[in-house]
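Okay, structure first, notes after.
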Amino acid sequence: MQTTLDVRGMTCAHCESSVKGALEEIEGVQGVEVTLDTGKVNVIYDEAIANIESMREAVEEQGYDVVV
């Protein structure tokens, strides 16, 4: 499964790394691609294991907002 999250508040490469790392730690997430300029985060995941809510929570724990 693939989804795109709209993440607000990322301003630098460190922000990008924080978001990517948080998402990669979720069991079932198989790939993460962050586009800093647009705030778009493409996530490939196994929907039987991971879900969008857990992704949103992981990003928000890093201090960023996910726009639904």
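Annotations
- Taken per residue, the accessible surface of the chain reaches 60 Å², heavy atoms only and a 1.4 Å probe.
- Cα pair count fraction exceeding 16 Å, expressed as % - segment 1-56: 33 percent
- Accessible surface of the chain, 1.4 Å probe, proportion on carbon and sulfur as whole %: 44 percent
The values are calculated or read from the model by the stated rules, or taken from the named source; none is laboratory data. None of these values were measured; they are calculated from a predicted model. Just the protein is used for accessible areas: all its heavy atoms, side chains included, with ligands, DNA and RNA removed. Shrake-Rupley method; radii C 1.70, N 1.55, O 1.52, S 1.80 Å.
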